[in-house]
Amino acid sequence: MFKNNCRTSHVALWMSIVNTVLYHLPFFNFVIQHSETGALRQLLFFFTLVLLMVVANFFAFYLFLSLSRRVGKTLLSTFFILNAISVYFIYSYGVILDESMIGNILNTNTEESSSFFSLTLVFYLVLFGILPSIVLWRISIQRETWKTFFIRSGLALGVMLSLVLLNANQLLWIDKHSKQLGGLAMPWSYSVNTALFYVHQAQKNQKEILLPNATITNEEKSIVVLVIGESARKQNFSLYGYEKNTNPLLSQTKNVYHFDANSSATYTTAGVKSILEYKDSSDLYEILPNYLYRNQVDVIWKTTNWGEPPVHISRYQSKENLRSLCEGDNCGYDEILLTNLKEDILASTQNKILVVLHTSTSHGPTYNTKYPPAFEVFTPVCTSVELSNCSSEALINAYDNTIVYTDYLLHRVIEDLKSLPQFKSTLLFVSDHGESLGEKNLYMHGLPMRIAPKEQYEIPFIVWVSDDSKKLKSNSLLSQHHVFHSVLHFLSVESPIYQEEMNIFEN
Ligand SMILES: [Zn+2]
């Protein structure tokens, strides 16, 4: 195949076979695990899928190479390189490259992405990305006539169509697993889903749907501090019965309550949107900070994270803003969010204040870099970005230390609020989603809700109230949307969209 003047169709076929063999182990692994048992039927179905994949990719590659050999080669080698990186992530983290995962990746900043760098990734890149690309570029391709092109691609289409028709009885199965199959088929998983992501993003970026005006019904001074957790999962909080003491401070604090809750999604953008919206919706309704700000509540937002819907308030402080104000050794950690917290509250001229602190403490894979050394309570800790290389104990130790640090952060917020007795105050801590730490060989988060394990959606919902403020209902399983209505209630904001059954406080 190195000889000069290979025909376009032959090169396309070879590249399609290479593509199927090199990058589809996870795809076929999934098919084997989820298809009907019964040796012969399974084998036949498996064989059909392999054939279908080879023919379908041949069809696409043949088209690219026929339109322009140079463009075709560039496109194919780009695919090989991206495929190699994708397969690395699929193997290392058990993820699927569906639309929401693509959204996560595109929203990841350079600082976060550098934390994924590893030698194994370089190995994948060279062996499965760069080498096949070099081979492709060394082949000199001989043009075929358009007549040959139409005959051969027509033949490929015919084969594809017959394979689909012959396997019509499997269409239900394919439909049921379309998300997973689509997320594992290279190069279509990331290319189609990236296109879909941008199309949907453009639709979403239309203006948020405004909510009906609200009124503040009294002049009592009150504050809500909403702390949005990142990848914090319920089961690792000792408040929820975890055997290791990850909440040494909160467990000793009066007026701290915890409730069972599930997130509506397993990735940041959707989880944060749910925490800020009054109901579940694929549209974008006016989010809590914007709504309250428009209705005369003072709103302060401090963040070391990303991925929230557009926030339209005057006191928005990004990590960079906070860095210029923060002093001390720990400005590289989430306590930077506490910079000037009390001062900012005292500078407010309104009676009602909402503070949102969007944390990033438990974000993987480098859990051990998310807390100051003094919080390394559980050892040894995993320091590799390849989580599956760490012992389960070391991985969980590192994660648990992030929870101990979160415990400290929440404690500090409570101390600040206690020192402002002129306000009735409350702290709400709700996570955007949970996290997998190697259970069922899954790591991190982001699986579609339909197949996500409970570790990825069982989240902590922790509440502290100041002595003279409110009592709590005996809430059963909560959702992230309870935040919106509870904050309205606590700040005595009356609104036509308020739902009493979604409020966690007693009257
Ligand atoms: Zn998140």
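Readers should treat all values here as calculations from the given coordinates under stated rules, not as data from a laboratory. Here the structure is a predicted model, which means the values were calculated and not measured. Cβ atoms come from the backbone with ideal geometry, glycine included; neighbour counts cover every protein chain shown.
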task: Just one of (1) within 21 Å of the chain's Cα centre (by Cα); (2) buried (at least 24 other Cβ atoms within 10 Å of the Cβ); (3) farther than 17 Å from Phe484 by Cβ trips up Gln235, so point out which.
output: (2)
- line: Ile32 vs (1) out of contact with any strand residue (DSSP E or B) (no Cβ under 8 Å at 6 or more places or on another chain); (2) surrounded by 14 or more Cβ atoms within 10 Å (Cβ to Cβ); (3) over 23 Å from Thr194 (Cβ atoms): all pass except (2)
- prompt: Of Ser118, Ser178, Ser153, which residue is crowded, with 16+ Cβ neighbours inside 10 Å, polar (S, T, N, Q) and either without any contact (Cβ under 8 Å) to a residue 60 or more places away in the chain or closer than 30 Å to Cys382 by Cβ (or both)?
  reply: Ser118
- line: Taking the range 45-62 and keeping only residues that are over 13 Å from Ala185 (Cβ atoms) and of a type in the set (Val, Ile, Thr), one is left with Thr48, Val55
- request: Output the helices (runs of 4 or more DSSP H) that fall wholly within the range 43-143 and possess 3 or more residues being of a type in the set (A, V, I, L, M, F, W, C) and more than 31 Å from the chain's Cα centre (by Cα), or say none.
  value: 131-138
field: Exclusive hit being touching a residue at least 24 places away in the same chain (Cβ under 8 Å) and within 22 Å of the chain's Cα centre (by Cα), set Leu427, Leu437, Leu420, Leu410
entry: Leu437
query: Taking only pairs six or more apart or across chains, which ones have beta-carbon atoms under 8 Å, a first residue in the range 300-327 that is within 22 Å of Leu284 (Cα to Cα) and hydrophobic (A, V, I, L, M, F, W, C), and a second residue that is in a loop (DSSP other than H, G, I, E, B) and within 16 Å of the ligand (Cβ to nearest atom)?
result: Trp306/Asn109
query: So, in the range 354-391, of the ones that are assigned to a helix (DSSP H, G or I) and touching a residue at least 60 places away in the same chain (Cβ under 8 Å), which residue ends up surrounded by the most Cβ atoms within 10 Å (Cβ to Cβ)?
result: Leu387
